[in-house]
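Structure, as structure tokens:
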Protein chains: 2
Amino acid sequence: MPQQASTYHHGDLRAACVRAARELLEEDGSAALSLRAVARRAGVSATAPYRHFADRDALLSAVAAQGCRELGERLVAAHPAPRAPEDLAAVAAAYVRFAVERPALFRVMFAEPCDPANAERAAATEAMREYVGAIVHDVFPGSDCEAMGTAVWALVHGLAFLQLDGKLGAAGPAGDPAAVTADPAVTDERVRAAVDALLGTVRR
Amino acid sequence: MPQQASTYHHGDLRAACVRAARELLEEDGSAALSLRAVARRAGVSATAPYRHFADRDALLSAVAAQGCRELGERLVAAHPAPRAPEDLAAVAAAYVRFAVERPALFRVMFAEPCDPANAERAAATEAMREYVGAIVHDVFPGSDCEAMGTAVWALVHGLAFLQLDGKLGAAGPAGDPAAVTADPAVTDERVRAAVDALLGTVRR
DNA sequence: GCTAGAATGTTTGCACTGCTCACATTAAGT
DNA sequence: ACTTAATGTGAGCAGTGCAAACATTCTAGC
């Protein structure tokens with residue numbers, strides 16, 4: 001569909017911007033994304049993205065929404081239908097792994113003050129909430145799904161952020177800034193231990 | 001001590017910068033703090049703060065460290081010596097209330113990618129970690145304090161962030177951006193319900 | 001096929017930012 | 001008193017978000 005003969009019209013600049021933004025986020029782990037850098041990478045003038053996004057926040061919201069959907073896919077891939085706390089621990093580990101592997105994207109998704117006005121973004125996070133609710137319904141059938149869902153999501157979400165910010169005590173050599181992403185196995189184990197400590201006992 | 005006769009030397013610009021930064025953070029809830037704005041508020045030239053802070057990050061780290069200490073005080077004020085899960089719920093509520101009342105400060109403390117190189121900041125968060133560990137040791141004597149401490153902190157921390165980002169379903173009128181800080185009682189109740197759902201059952 | 005008009009990109013420009021460097025002013029030590 | 005270090009100022013650079021005015025291309029309606 002997008003002919004590359006004429007260079008003036010890009011073809012699908014909106015999608016190209018989102019893709020460029022994601023690439024930049026992954027390359028330098030900083031969440032400080034510049035709209036101009038996005039435009040440069042998309043091979044387009046600095047203000048062209050404004051034809052597709054009202055402002056920087058709108059672009060970020062689009063990226064965040066896409067990130068949410070991908071995170072959702074990762075979680076179901078980790079365990080299609082969790083029923084026991086152990087299954088839930090696997091899903092939790094996948095959640096944290098996503099955050100650690102794509103720190104900048106994860107920060108855009110959650111750490112940035114998000115505007116609920118953006119429909120796409122709001123829908124994506126609402127879907128996330130319902131997914132967690134459904135899991136809790138299966139794993140803890142007797143519980144108050146509303147409160148339990150909130151609690152479980154908070155637990156996992158908090159683990160992701162604390163790990164991301166290196167607040168859980170560096171496992172690697174002291175002061176290594178890259179220690180966060182150092183050993184996924186260590187992180188996994190830490191997440192499982194934490195989830196077990198809280199949820200494993202519920203079962204007893 | 002600080003004479004106000006001569007206006008050239010400020011007297012204690014370092015402290016004044018931190019104070020100005022905190023004021024600005026509280027006034028407009030955005031975590032996007034400008035060093036120049038800080039300088040303006042301190043009544044000093046734009047580059048003067050660079051005599052006391054290596055860069056913007058260093059100022060933010062100082063602010064974050066101070067915020068951590070204040071949060072610690074708030075928590076012990078909520079309950080001096082928690083022993084039961086209900087006590088812990090009170091502390092959790094205080095944690096989330098702090099985040100909701102000072103969203104910008106809380107974001108600076110945690111959402112910003114923090115450099116572990118900053119000693120003051122690292123010490124403040126390490127103190128937080130030990131505090132949580134001590135509480136868990138008293139509330140769940142038999143448990144693995146390391147894992148349980150991580151889990152409890154993550155739970156509370158996650159609740160704070162999800163609430164801050166409005167991911168827990170707006171209680172107020174739809175699309176109200178200020179709904180986050182709307183009703184502290186509602187937030188409190190939500191936090192207690194979530195904590196009870198997870199920790200209350202541990203006891204049974 | 002031709003031509004309005006809507007989409008989409010470009011250029012220019014403004015206000016702001018973080019940060020560096022050369023310089024001015026003040027405080028402190030000998 | 002004179003040197004020296006500490007502290008604050010000003011000009012300036014590169015980069016940013018965003019708004020207009022302008023240019024180019026696609027798409028209908030005839």
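Under the classification rounded if a/c is under 1.5, otherwise prolate if a/b is larger than b/c and oblate if not, where does the protein assembly as shown fall, given a ≥ b ≥ c as square roots of the Cα gyration tensor eigenvalues? Oblate shape, in that a/c is at least 1.5 and b/c is the bigger or equal ratio. Multiplying the residue separation of residue B:126 and residue B:183 by 0.36 nm and subtracting their alpha-carbon distance yields 17.4 nm.
For the Cα trace of region B:1-133, dividing Rg by the Kirkwood Rh returns an Rg/Rh value of 1.04.
For region A:83-171, report the % of Cα-Cα distances exceeding 23 Å. I get 28 percent for the Cα pairs in region A:83-171 exceeding 23 Å. Counted by Cβ distance under 12 Å from residue A:131, the other residues give a net charge of -1, where Lys and Arg count +1 and Asp and Glu count -1.
Tell me, what is the percent relative contact order of region B:5-51, built from C-alpha pairs under 8 Å that lie six or more residues apart? Intermediate results must be reported in sequence, preceding the final value.
Values: 27 pairs, mean separation 16.5, N = 47.
Worked out over region B:5-51, it gives 35 percent.
The slack between residue B:77 and residue B:37, meaning 0.36 nm per residue of separation minus the straight C-alpha distance, is 11.1 nm. Label-point spacing for residue B:23 across the identical copies (point 7 Å from Cα in the Cβ direction), in nm and ascending order: 4.6. The residues neighbouring residue B:29, those whose beta-carbon lies less than 12 Å from its own, together hold a net charge of -2 under the Lys/Arg +1, Asp/Glu -1 convention.
In the neighborhood of residue B:56, defined by Cβ-to-Cβ distances under 13 Å, what is the net charge if each Lys or Arg adds +1 and each Asp or Glu adds -1?
-3
Counting pairs of alpha carbon atoms under 8 Å apart in space and at least six apart in sequence, what relative contact order in percent does chain A give?
22 percent
The same position residue B:36 in the other copies lies at 1.4 nm from this copy, comparing label points 7 Å beyond Cα toward the beta-carbon, shortest first.
In chain A, a dipole from Cβ-located charges (positive for Lys and Arg, negative for Asp and Glu) runs towards its positive end, and of A:156, A:78, A:10 it is A:10 whose Cα lies farthest in that direction.
Only helical runs count toward this figure. For the protein assembly as shown, summing -39,500 (n - 2.57) over DSSP H runs of n ≥ 4 and dividing by all residues gives -19000 deg cm²/dmol at 222 nm. Label-to-label distances for residue B:134 across copies, nearest first, come out at 4.5 nm, using points 7 Å from Cα in the beta-carbon direction. Using θ = phi - 60° in the Karplus curve 6.51 cos²θ - 1.76 cosθ + 1.60, the 3J(HN,Hα) couplings for region A:183-199 round to 10, x, 5, 4, 4, 3, 4, 5, 5, 4, 4, 5, 5, 4, 4, 8, 8 Hz; x is entered for Gly and Pro. The label-point distance for residue A:146 and residue A:45, in a model that sets each label 7 Å from Cα toward Cβ, rounds to 5.3 nm.
Read-outs: derived from the displayed coordinates by stated rules, not from any lab. Everything numeric here is computed off the predicted structure, so don't read it as measured data. Note that we place each Cβ from the backbone using ideal geometry, even for glycine, and neighbour counts take in every protein chain shown.
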